[in-house]
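Each remark here refers to the structure printed beneath this line.
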Amino acid sequence: MAHGPAKGLTRWLYTTNHKDIGSMYLWFSFAMFLLGGVFALVIRAELFEPGLQIVEPEFFNQMTTMHGLVMVFGAVMPAFVGLANWMIPMMVGAPDMALPRMNNWSFWILPFAFSMLASTLFMEGGAPNFGWTFYAPLSTTYAPPSVTFFIFAVHIMGASSIMGSINIIATILNMRAPGMTLMKMPLFVWTWLITAYLLIAVMPVLAGVVTMMLMDIHFGTSFFDAAGGGDPVLFQHVFWFFGHPEVYIMILPAFGVVSQIIPTFARKPLFGYASMVYATSSIAFLSFIVWAHHMFTVGIPVAGELFFMYATMLIAVPTGVKVFNWVTTMFKGSMTFETPMLFSIAFVILFSIGGFSGLMLAIAPADFQYHDTYFVVAHFHYVLVPGAIFSIIAATYYWLPKWCGRMYNETMGKVHFWLAFIGLNITFFPMHFVGLAGMPRRIPDYNIQFADFNMIASVGAFLFGAAQILFLWNVIATIRSGKPATAEVWENPEGLEWTVDSPAPYHTFSVPPEVK
Amino acid sequence: MLKRAQRLFAWLLGPAVLMMSHQSLADEVEHWGVNMTQGVTQMSQEIYGLHMNIFWWCVGIGVVVFGIMFYTMIVHRKANGAKASNFHESTKLEIIWTVAPFLILIIMAVPATKTLVKIYDTSEADLDILITGYQWKWKYDYIAEDVAFFSSLSTPADQIYNRAPKGPNYLLEVDEPLVIPTKKKVRFLITANDVIHAWWVPDFAVKKDAIPGFVNESWTYVEEPGIYRGQCAELCGKDHGFMPIVVKAVPEAEYLEWISAKQADAVALKALTEKTFTFDELYTKGEEVYAKNCAACHMANGEGVPGVFPGLKGSAVALGPINTHNDVVVNGVPGTAMQAFGGQLSEVDVAAVVTYERNAWGNNMGDHVQPIDVLKLKQGK
Ligand SMILES: [Cu+2]
């Protein structure tokens, strides 16, 4: 029996439909992307020139902290969960997610978490100001009172992520259409399966570390307080045991997205499917044994330092395999360059640049010079912005016609791409230079020797920000009045999602498809 | 199509070629400050070498990979009538591009390991200096010589708030630099009093976290006399960007002279504890001490930062019993950002700053403290 969505607000409140929930995740993450972007622009405006002009150091630290937290937990992660919600059931030929009610709950607790986090900006003492890595004891003994709200917000986000992951794993393992063996699954599904396991493994660790903070702050324990016999370095070990897999949580689904898009526009099957699966698994495994490369300067014994250096360098191998596979997929294809393809190609190039700087950072002695400078800021923005965020944008352009049954405006999409591409490079490339020249990160003011590049970076940031307005406009215009799209949308794309109508009916695959 | 690519190239290369015709590229790099410093120690130069080495490997790999990519994007496009092949597997290729990077990594790991082991060898130092990070200054303790002092930012607020032109060492200058002898192995013992800081001097390639409850070790051996500047590299709160490091390396004779002068100063300062000061002397001195040590948190106008650092203007302590006030300043408030200043300031300075706080910003208590009172408090009398 086919029936459509309920009417009005309750449709969204009570929905258990994977497509509705996917859309809500995506809109939510876009809102957070804009909010986090505004924080970033405050930072870049203050850094436009040396001296203190716009904000005081205290508030500047709140901005860097909130920017990081909102982008990581509010923009990137929910966006991928939104894509998973929309696409995984359709890609494996399932009628919905395995646990639809839990799905509703994992989305709806997020707005509460982020309202709580954002409300700290208006509290006495201000928002969290200790960096998104919240190192103790700056985040415990020396934190503003709002830290308690931050801790609860993190707990809620963690619960949401864990529920989302359980759902994704259950869907992928139990609800595949007959004939859809594991090694036939689209790569996006594979990368998400692995990501979901990573999430289940490390989100409890994050919950643990913030709970220890809570105990230190309110219940007289001294986990991280040296004066009480505790250990501030313990905090960093626990945090990065979560934090390093976390960065792969933000990039593995991106690998999946790009592995869907490049074959479509190269008109050639993905090169080395099996090796892609193995490479993703190796990256996931390695991500658990490299955490201390974020801590090369804390004074770990030399043997530990060497172990983490070697393990980190090893990650370059499976990551390289992926890049080589993408390039070989393009090789001798018949390529066209629609917007999703442009974003994906930029992904491959710029993510590789981020990978190169990552390899440099892995060299422990050299890291003594790079650590906590703008070189690191450049590195992780190169893997996260043209990495995670470009892949999310590429995915949106790629599947939007499937979602809403209408085609986006290609010219506007391309303009968006070029503005974003240029803006991003103007913003982040000079950060390599100032970092190498000695500018520490997280400072509101700097010596005049860094002035030129900071000014350039700030200009780029505003350009990049403005480009996203175009994106929003394009998406809204498409939904309202884009040209109707065909079921296939692109030329002979692979995958079950292209076998259903555009827009995808409210319920797809109520009868499982046959996979050959 | 090719024409378009050519135009793009001209666009990219044009400025670079123009630049080079005026000046050598190296000068340009120097002028813009785009690369890591080579520094002034053997270790910093080795690290620079490792950095350039891995950088060129990355460039090489990038040129190959991106080269193939751009070639295929230009040649294998549908618009040029390219027909898609269907190959999608090759175990041979996969093995090649797994093994080749692995070999490159081994080539890189060997020298990196050697350098790392040298950096970790802190044995047989000629001189030990204990460095302690405080919210937002550094303390340098010459353990064997019994000399200790604080070093904090000396850039005036007027420059920071754009009311005066900024000097060349803007934010990289301190009231009292760390002084070390050249041609000696100096060992740094690094710790912190409150939150985590990191002591970083790029020219020495020394960056080590200063962690409360831990003592980290690092070392340097400087050949040439000079002034070397660095900054705190770990977020440590509000003024993290304002706690620079300045190291002055001098020949040994000059260093010894400086140490004896410091020791003599300390003796003279001790003697002042016995002296009785007038209110005005204390108040004037107190204003200086306050600006240097307290204003970062309690603010120059005494109003603090609401919710984070309490104001002292009209505060219960500043208007309460004088002994409590002394006690807060000397012993701090454990578990908060209020440090114990008893070990940081001389008795004279404590007496002066308390006197100042009790009488500034309309706190007209009219009373004052003598250094000898502070000494008694410290000795528990
Ligand atoms: Cu610091």
Please tell me if B:Glu274 is surrounded by fewer than 20 Cβ atoms within 10 Å (Cβ to Cβ) and of a type in the set (D, E, K, R). yes
Every listed condition ((1) farther than 14 Å from A:His381 by Cβ; (2) away from chain B (no Cβ under 11 Å)) holds for A:Phe450 save (2)
Of the residues B:Gly302, B:Gly286, B:Gly332, which is at negative phi and open to solvent by less than 30 Å² (accessible area, probe 1.4 Å)? B:Gly286
B:Asp194: passes all of (1) more than 10 Å from the ligand (Cβ to nearest atom); (2) not in a helix (DSSP H, G or I) but (1)
Would you please name the residue that is farthest from the ligand (Cβ to nearest atom), looking only at residues in segment B:204-213 that are under 12 Å from A:Val233 (Cα atoms) and at the interface with chain A (Cβ under 7 Å from one of its Cβ atoms)? B:Gly213
Can you tell me how many residues in segment A:13-39 are surrounded by fewer than 18 Cβ atoms within 10 Å (Cβ to Cβ) and either more than 20 Å from the chain's Cα centre (by Cα) or not assigned by TED's automatic domain parsing to the domain that holds A:Asn167 (or both)? 3
Just checking, does segment B:231-246 include any residue being outside any helix (DSSP H, G or I), under 25 Å from B:Tyr120 (Cα atoms), away from the ligand (no atom under 16 Å from the Cβ) and touching a residue at least 40 places away in the same chain (Cβ under 8 Å)? no
Taking segment B:339-367 as the region of interest, how many residues are touching a Gly at 6+ places or on another chain (Cβ under 9 Å) and touching a residue at least 12 places away in the same chain (Cβ under 8 Å)? 18
Odd one out for A:Trp240, checked against (1) of a type outside the set (A, V, I, L, M); (2) within 26 Å of B:Ile211 (Cα to Cα); (3) buried (at least 24 other Cβ atoms within 10 Å of the Cβ): (3)
Selection status of A:Asn474, within 30 Å of A:Phe433 (Cβ to Cβ), assigned to a helix (DSSP H, G or I) and assigned by TED's automatic domain parsing to the domain that holds A:His381: no
The lone condition B:Leu282 fails out of (1) away from chain A (no Cβ under 14 Å); (2) in a strand (DSSP E or B) is (2)
Please verify whether segment B:131-146 includes one or more residues that are open to solvent by 50 Å² or more (accessible area, probe 1.4 Å), small (Gly, Ala, Ser) and more than 10 Å from every other protein chain (Cβ to nearest Cβ). yes
Selection status of A:Ala394, crowded, with 24+ Cβ neighbours inside 10 Å, within 18 Å of the chain's Cα centre (by Cα) and within 14 Å of another protein chain (Cβ to nearest Cβ): no
If you check A:Gly256, A:Gly320, A:Gly299, which single one turns out to be in a helix (DSSP H, G or I) and modelled with pLDDT under 95? A:Gly320
Checking B:Tyr170 against (1) more than 14 Å from the chain's Cα centre (by Cα); (2) more than 16 Å from the ligand (Cβ to nearest atom); (3) not hydrophobic (A, V, I, L, M, F, W, C): exactly one of these is not met. Which one? (1)
Looking at B:Glu281, is it over 24 Å from the mean Cα position of the chain (by Cα), assigned by TED's automatic domain parsing to the domain that holds B:Thr336 and open to solvent by 80 Å² or more (accessible area, probe 1.4 Å)? yes
Just to confirm my filter: which helices (runs of 4 or more DSSP H) fall fully inside segment A:49-138 and include at least 2 residues that are modelled with pLDDT of 95 or more and within 14 Å of another protein chain (Cβ to nearest Cβ)? A:57-69
Please state which one of B:Ala249, B:Ala266, B:Ala261 is without any contact (Cβ under 8 Å) to a residue 12 or more places away in the chain, more than 10 Å from chain A (Cβ to nearest Cβ) and either more than 16 Å from the ligand (Cβ to nearest atom) or touching a Cys at 6+ places or on another chain (Cβ under 6 Å) (or both). B:Ala261
Which residue out of A:Glu246, A:Glu305 is among the acidic types (Asp, Glu) and within 13 Å of chain B (Cβ to nearest Cβ)? A:Glu305
Go through (1) part of a strand (DSSP E or B); (2) within 16 Å of the ligand (Cβ to nearest atom); (3) crowded, with 19+ Cβ neighbours inside 10 Å one by one and return the number of the condition B:Phe150 breaks. (3)
Take B:Gln159 and decide whether it is facing chain A (nearest Cβ under 9 Å) and surrounded by fewer than 23 Cβ atoms within 10 Å (Cβ to Cβ). yes
Checking A:Leu496, A:Leu472 in turn, the sole residue that is buried (at least 19 other Cβ atoms within 10 Å of the Cβ), aliphatic (A, V, I, L, M) and closer than 30 Å to A:Val92 by Cα turns out to be A:Leu496
Spot the failing condition for A:Ala420; the list is (1) open to solvent by less than 30 Å² (accessible area, probe 1.4 Å); (2) modelled with pLDDT under 95, and only one is missed. (2)
Taking segment B:116-145, which residues are within 16 Å of the ligand (Cβ to nearest atom) and outside any strand (DSSP E or B)? B:Gln135, B:Trp136
Filter result for the condition that a residue is crowded, with 24+ Cβ neighbours inside 10 Å and more than 12 Å from chain B (Cβ to nearest Cβ), over A:Phe343, A:Phe375, A:Phe351, A:Phe368: A:Phe343
Members of segment A:182-222 that are open to solvent by 50 Å² or more (accessible area, probe 1.4 Å), without any contact (Cβ under 8 Å) to a residue 40 or more places away in the chain and under 30 Å from the mean Cα position of the chain (by Cα): A:Leu182, A:Ile200, A:Met215
Only one of B:Asn293, B:Asn301 that is in contact (Cβ under 8 Å) with a residue 24 or more places away in the chain, within 16 Å of the ligand (Cβ to nearest atom) and farther than 28 Å from A:Gln449 by Cβ: B:Asn293
Could you tell me whether B:Lys292 is at pLDDT below 90, open to solvent by 60 Å² or more (accessible area, probe 1.4 Å) and farther than 23 Å from B:His240 by Cβ? no
I'd like to check something: does segment B:176-191 contain any residue that is open to solvent by 20 Å² or more (accessible area, probe 1.4 Å), facing chain A (nearest Cβ under 10 Å), outside any strand (DSSP E or B) and in contact with a strand residue (DSSP E or B) (Cβ under 8 Å, 6 or more places away or on another chain)? no
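The values are calculated or read from the model by the stated rules, or taken from the named source; none is laboratory data. Predicted, not measured: the structure shown is a model, and the values here were computed from it. Because the Cβ atoms are built from the backbone with ideal geometry, glycine has one as well, and the counts that use them run over all protein chains shown. SASA here: full protein model, heavy atoms, side chains in, ligands and nucleic acids out. Shrake-Rupley method; radii C 1.70, N 1.55, O 1.52, S 1.80 Å.
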